[in-house]
Number of protein chains: 2
Amino acid sequence: MARRNQHTKEEIQHLAIQAVETMLHQLHHEAISTRMVAKAIGYTVGTLYTVFKHQADMLLHVNARTMDRMYLHCQRGITDSNTPEHNLTLMALSYHQFALQEPNHWNLVFSLRLPENEPIPQWQQANIDQIFHLLENELTRLHPNMSQQTIQKNARILWSGVHGMTTLALNNKLFIEGITDIETLLSNLVHQLVFSWSGA
Amino acid sequence: MARRNQHTKEEIQHLAIQAVETMLHQLHHEAISTRMVAKAIGYTVGTLYTVFKHQADMLLHVNARTMDRMYLHCQRGITDSNTPEHNLTLMALSYHQFALQEPNHWNLVFSLRLPENEPIPQWQQANIDQIFHLLENELTRLHPNMSQQTIQKNARILWSGVHGMTTLALNNKLFIEGITDIETLLSNLVHQLVFSWSGA
DNA sequence: AACTTAAATTGAACACTGTTTAATATGGCT
DNA sequence: AGCCATATTAAACAGTGTTCAATTTAAGTT
């Protein structure tokens with residue numbers, strides 16, 4: 001069989017991406033093979049390689065969508081009528097919640113390894129910047145006189161904490177004898193940093 | 001060939017672990033196969049399976065040693081004659097430095113996935129606790145009247161930040177246009193949290 | 001309507017992977 | 001010298017990512 005022309009290249013790409021996304025709801029990304037995806041969309045591995053450079057390329061497309069979804073999720077509920085601290089807390093909780101809701105999608109974003117010498121795609125950096133801008137915006141509202149550079153620094157300090165807590169919690173590397181839940185810990189982190197910025 | 005009895009089971013185990021550790025200096029852990037390890041130590045895969053339950057089990061043994069090394073590294077330079085903040089900063093910098101020095105070993109610790117239903121080994125939790133105790137000790141010195149629970153909470157808040165920063169930095173997901181180096185960011189994180197704990 | 005052309009799709013191959021197990025060769029014991 | 005227990009292997013199985021020659025067919029041309 002050849003030349004059935006049922007789908008355009010773009011459609012096949014989309015089908016594959018969707019198939020991976022569906023599988024990720026049950027399977028860790030390391031358990032997803034090209035042949036599985038091909039079978040799921042009714043094509044052969046060979047066809048997949050006419051549409052993606054390699055497996056990692058396919059997963060990168062999945063990541064692009066995950067990061068978009070994550071950005072939208074983190075934005076949810078953010079308003080200028082809230083205090084900056086409240087907004088920052090909302091974002092931190094949303095980030096963590098998203099990771100809990102789609103652990104395999106989230107994991108893929110942070111553990112996908114491209115082949116050597118393959119550059120990190122530029123949209124990825126753009127997407128990271130997008131999230132940081134959200135934070136920097138709140139930090140600016142908090143301290144309008146703070147230098148741009150300090151704000152960028154503090155945004156990164158804060159987000160490292162939120163990200164680290166999410167990673168560690170997801171892998172059960174954070175807790176002893178049910179001391180507190182992570183949501184409290186996240187709120188505390190935000191509160192303590194916000195407090196420290198107002199005191200110096 | 002069989003029954004050459006050149007090494008005890010323990011020795012074979014050790015040889016394998018060492019072989020993996022050597023390879024990790026050049027290779028990412030996903031690139032290390034059982035056959036590679038077997039060949040490196042002059043045995044066959046089959047022999048490896050008489051000594052380890054499976055590949056993940058072998059890598060878990062590597063992780064045990066990495067974590068011990070990491071603990072020792074983080075302890076380096078810590079003295080009661082330093083201020084608690086200084087000690088905490090030293091630990092944060094050491095943690096990051098260790099990750100930079102042995103990125104593949106460090107990565108393996110946090111990305112090894114055991115087969116489903118396989119419990120996390122209990123020594124791993126013990127090792128995590130060990131590091132947290134180091135932190136909690138400094139936090140206690142900082143605020144002798146703080147409740148044990150608050151100290152445990154704050155140790156986890158701090159370490160999430162240090163860990164998150166290290167992870168993100170290692171994967172180039174933290175920086176824009178050379179704004180500051182991570183060492184500064186780590187020191188700032190420690191300082192800001194220490195400050196916030198003294199102000200409430 | 002027949003013929004050519006270009007390309008979509010496949011199947012099969014290659015060199016790997018982790019894991020299991022029957023066969024085997026040998027060190028130590030009687 | 002002969003036996004046995006077992007350390008070790010070779011081979012098999014079912015998968016993996018990736019490549020590419022071969023094929024089939026839709027569309028374009030005459």
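Within the range B:57-85, the set of residues being buried (at least 16 other Cβ atoms within 10 Å of the Cβ), more than 30 Å from B:V37 (Cα to Cα) and either small (G, A, S) or out of contact with any His (no Cβ under 8 Å at 6 or more places or on another chain) (or both) comprises B:I78, B:P84.
Can you tell me which residue among B:L158, B:L168 is open to solvent by less than 30 Å² (accessible area, probe 1.4 Å), of a type in the set (A, V, I, L, M, F, W, C) and facing chain A (nearest Cβ under 8 Å)? Break it down into steps so the answer makes sense when it comes.
Details: B:L158 fails: facing chain A (nearest Cβ under 8 Å).
Of the residues listed, the single one that is open to solvent by less than 30 Å² (accessible area, probe 1.4 Å), of a type in the set (A, V, I, L, M, F, W, C) and facing chain A (nearest Cβ under 8 Å) is B:L168.
Kindly indicate the residue of the range B:53-70 that is hydrophobic (A, V, I, L, M, F, W, C) and more than 16 Å from DNA strand C (Cβ to nearest atom) and also farthest from B:I12 (Cα to Cα) among those meeting that condition. It comes out as B:M70.
Out of the residues in the range A:137-174 meeting the condition of being over 18 Å from the mean Cα position of the chain (by Cα) and charged (D, E, K, R), tell me which one is nearest to B:N188 (Cα to Cα).
In the first step, residues of the range A:137-174 are kept if they are over 18 Å from the mean Cα position of the chain (by Cα); the result is A:137-154, A:172-174.
Next, from what is left, pick out any that are charged (D, E, K, R): A:138, A:141, A:153, A:173.
Details: A:E138: 19, A:R141: 21, A:K153: 9, A:K173: 24 Å.
The selected residue is A:K153.
Residues are listed down the side, and each one gets a yes or a no for (1) on the phi > 0 side of the Ramachandran plot; (2) under 21 Å from the mean Cα position of the chain (by Cα):
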{"residue": "A:N5", "(1), (2)": "yes, no"}
{"residue": "A:A16", "(1), (2)": "no, yes"}
{"residue": "A:L24", "(1), (2)": "no, yes"}
{"residue": "A:L59", "(1), (2)": "no, yes"}
{"residue": "A:M70", "(1), (2)": "no, yes"}
{"residue": "A:S81", "(1), (2)": "no, no"}
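Which of the residues belonging to the range B:17-38 are within 14 Å of another protein chain (Cβ to nearest Cβ) and under 16 Å from B:A56 (Cβ atoms)? Even if it seems obvious, please write down each step before you answer.
We begin by selecting, within the range B:17-38, every residue within 14 Å of another protein chain (Cβ to nearest Cβ); these are B:26-32.
Across the range B:17-38, the qualifying residues are B:H28, B:H29, B:E30, B:A31, B:I32.
So, B:L174, is that one more than 10 Å from chain A (Cβ to nearest Cβ), free of Cβ contacts under 8 Å to residues at least 60 places away in the same chain, crowded, with 17+ Cβ neighbours inside 10 Å and farther than 19 Å from A:T180 by Cβ or not? It is false that B:L174 is more than 10 Å from chain A (Cβ to nearest Cβ), free of Cβ contacts under 8 Å to residues at least 60 places away in the same chain, crowded, with 17+ Cβ neighbours inside 10 Å and farther than 19 Å from A:T180 by Cβ. Might you check whether a residue that is assigned by TED's automatic domain parsing to the domain that holds B:E183, within 16 Å of DNA strand D (Cβ to nearest atom), in contact (Cβ under 8 Å) with a residue 24 or more places away in the chain and assigned to a loop (DSSP other than H, G, I, E, B) occurs anywhere in the range B:24-39? Checked against the condition, which is being assigned by TED's automatic domain parsing to the domain that holds B:E183, within 16 Å of DNA strand D (Cβ to nearest atom), in contact (Cβ under 8 Å) with a residue 24 or more places away in the chain and assigned to a loop (DSSP other than H, G, I, E, B), the range B:24-39 yields no hits at all. Checking A:L100, A:L108 one by one, the residue that is buried (at least 20 other Cβ atoms within 10 Å of the Cβ) and in a helix (DSSP H, G or I) is A:L108 and no other. Just checking, does the range B:113-122 include any residue being farther than 26 Å from A:H96 by Cβ, open to solvent by 40 Å² or more (accessible area, probe 1.4 Å), touching a helix residue (DSSP H, G or I) at 6+ places or on another chain (Cβ under 8 Å) and more than 10 Å from chain A (Cβ to nearest Cβ)? So far as the range B:113-122 goes, yes, one or more of its residues are farther than 26 Å from A:H96 by Cβ, open to solvent by 40 Å² or more (accessible area, probe 1.4 Å), touching a helix residue (DSSP H, G or I) at 6+ places or on another chain (Cβ under 8 Å) and more than 10 Å from chain A (Cβ to nearest Cβ).
When residues of the range A:177-191 are filtered for being free of Cβ contacts under 8 Å to residues at least 60 places away in the same chain and surrounded by fewer than 21 Cβ atoms within 10 Å (Cβ to Cβ), how many remain? Let's see the steps before the verdict.
As a first pass, look at the range A:177-191 and keep what is free of Cβ contacts under 8 Å to residues at least 60 places away in the same chain: A:177-181, A:184-185, A:188.
From what's left, surrounded by fewer than 21 Cβ atoms within 10 Å (Cβ to Cβ): A:177-181, A:184, A:188.
Of the residues in that region, 7 qualify.
Take B:K53 and tell me if it is open to solvent by 60 Å² or more (accessible area, probe 1.4 Å) and part of a helix (DSSP H, G or I). Considered against the rule, which asks whether it is open to solvent by 60 Å² or more (accessible area, probe 1.4 Å) and part of a helix (DSSP H, G or I), B:K53 comes out as no.
The values are calculated or read from the model by the stated rules, or taken from the named source; none is laboratory data. Just so you know, these numbers come straight off a predicted model, no measurement behind them. Every residue, glycine as well, gets a Cβ built from its backbone with ideal geometry; the counts of neighbours run over all protein chains shown. Note: areas computed on protein heavy atoms with side chains; ligands, DNA, RNA excluded. Shrake-Rupley method; radii C 1.70, N 1.55, O 1.52, S 1.80 Å.
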